[in-house]
Amino acid sequence: FVSPGGYICGEQTALVEAIQDHRAEPRNRPPELQTNGLHDMPTLLNNVETLAWVPSIVLRDGTWYAQQAARPDSRGARFFSVSGDVMRPGVVEVPVGITFGQLIDDYCGGMRTGEQLKAAALSGPSGGFVPAKIPLGSFPKSTQDRLPSQDGFVNLRDLELDVPLFRKWNLMLGGGIVVYGTSADMVEQAVVCQEFYRSESCGKCVPCRIGSTRFAELASAIQAGECTPQTIESLQRPDSVIAELGTTMRQTAICGLGTVAANPLSSLLTYFRDEIQPRLRESS
């Protein structure tokens, strides 16, 4: 079956619906696919990468797989699809636990000529934008004393690419990584990502449909110079429209799109105020 290609078809139940010639919308669960999947039959649905490891693990053992990692506490190897401002973009298989800097330098040929690392989307747009120098205070307090920091910042290049570690740091790590160099316009990138989510929302969840549209409008307003410093300050408050819509979407969305749709805009406001500042207009 050739997927229709929409982002929503990355959600398991939406893909099953598409295979059955229905509109690609997530199902309410339970029941789960393990009992009532394709044509209401028990269905196992995983990434090709996951299934591809199974024969080797069965023929050898789990220890063999685990030992491919780059650090003692990590397990196995995985694929990353790296795009953006690197010399050799593409798909690479790497030991789990290598640093982000090793991924760029050893597997992707380093940064593109004339570029220095500015930021990365470590789970595509889903995880938002992580700056090259991350404020130590952005990490949970329980992890801060174990992170390599200097002058109150953690170098993105030093982060080890291991999902359990990223969960402890409240960061997302996916299979698709976008690397941004110094020439990247992060406001423009936020607009592109928010418009992507607006277009890819299937519309089944009302908060997601409305929220993804509102986030795209806000990002476009920043890019167009329609916001004042006071507007930006209000968008960063705990009771802002971004926070309230984001919370509502996380609590009500059937699939993962609604839980991450606010991340490009919220990370732009958190880490890249210096790129927003020149676009602000004075208060009337």
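The values are calculated or read from the model by the stated rules, or taken from the named source; none is laboratory data. Nothing here was measured: the structure is a model prediction, and the numbers come from that model. Because the Cβ atoms are built from the backbone with ideal geometry, glycine has one as well, and the counts that use them run over all protein chains shown. All accessible areas refer to the heavy atoms of the entire protein, side chains included, with ligands and DNA or RNA removed. Shrake-Rupley method; radii C 1.70, N 1.55, O 1.52, S 1.80 Å.
Quick look at the numbers
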read-out	value
Matching residues in region 126-135 - criterion: being open to solvent by 30 Å² or more (accessible area, probe 1.4 Å) and within 29 Å of MET249 (Cβ to Cβ)	PRO135
Restricting region 158-195 to residues that are more than 20 Å from ILE242 (Cβ to Cβ) and in a helix (DSSP H, G or I), the residue that is farthest from the chain's Cα centre (by Cα)	ASP158
Region 137-190, subset of a type in the set (S, T, N, Q) and over 30 Å from LEU218 (Cα atoms), residue least open to solvent (accessible area, probe 1.4 Å)	THR143
Residue pairs meeting the criteria (Cβ under 7 Å; at least 6 apart or on separate chains; first under 19 Å from ASP85 (Cβ atoms), in region 167-179; second assigned to a loop (DSSP other than H, G, I, E, B) and hydroxyl-bearing (Ser, Thr, Tyr))	GLY174/SER126
Residues within region 255-284 that are polar (S, T, N, Q), open to solvent by 30 Å² or more (accessible area, probe 1.4 Å) and part of a helix (DSSP H, G or I), tallied	5
Region 141-157, residues that are farther than 18 Å from ALA121 by Cβ and in contact with a Gly (Cβ under 9 Å, 6 or more places away or on another chain)	GLN144, GLY152
Candidates CYS202, CYS227 - the one that is in a loop (DSSP other than H, G, I, E, B) and in contact (Cβ under 8 Å) with a residue 60 or more places away in the chain	CYS202
Residue list for region 44-87, filter: modelled with pLDDT under 95, among the hydroxyl-bearing types (Ser, Thr, Tyr) and either surrounded by 13 or more Cβ atoms within 10 Å (Cβ to Cβ) or within 16 Å of GLU160 (Cα to Cα) (or both)	TYR65, SER74
Looking only at region 121-131, and only at residues there that are touching a Gly at 6+ places or on another chain (Cβ under 8 Å) and among the aliphatic types (A, V, I, L, M), the one that is farthest from ASP185 (Cα to Cα)	LEU122
Any hit, region 200-214, residues being within 16 Å of the chain's Cα centre (by Cα), open to solvent by 70 Å² or more (accessible area, probe 1.4 Å) and either under 20 Å from TYR107 (Cβ atoms) or among the aliphatic types (A, V, I, L, M) (or both)	no
Selection count where residues are buried (at least 20 other Cβ atoms within 10 Å of the Cβ) and hydroxyl-bearing (Ser, Thr, Tyr), scope region 100-125	1
Positions within region 3-19 being within 18 Å of the chain's Cα centre (by Cα) and open to solvent by less than 20 Å² (accessible area, probe 1.4 Å), in sequence order	ILE8, CYS9
Filter result (assigned to a loop (DSSP other than H, G, I, E, B), open to solvent by 100 Å² or more (accessible area, probe 1.4 Å) and under 15 Å from PHE1 (Cα atoms)) within region 24-43	none
Region 119-141 residues that are part of a helix (DSSP H, G or I), paired with ones that are open to solvent by 30 Å² or more (accessible area, probe 1.4 Å) (beta carbon under 7 Å, 6 or more apart)	LEU136/GLN144; LEU136/SER149; LEU136/GLY152; LEU136/PHE153
Close pairs (8 angstrom Cβ cut-off, 6 or more residues apart or separate chains): among the hydroxyl-bearing types (Ser, Thr, Tyr) in region 1-28, in a loop (DSSP other than H, G, I, E, B) and buried (at least 20 other Cβ atoms within 10 Å of the Cβ) anywhere	THR13/PRO26; THR13/ARG27; THR13/CYS255
Residue tally, condition in contact with a strand residue (DSSP E or B) (Cβ under 7 Å, 6 or more places away or on another chain) and over 28 Å from SER81 (Cα atoms), over region 137-163	1
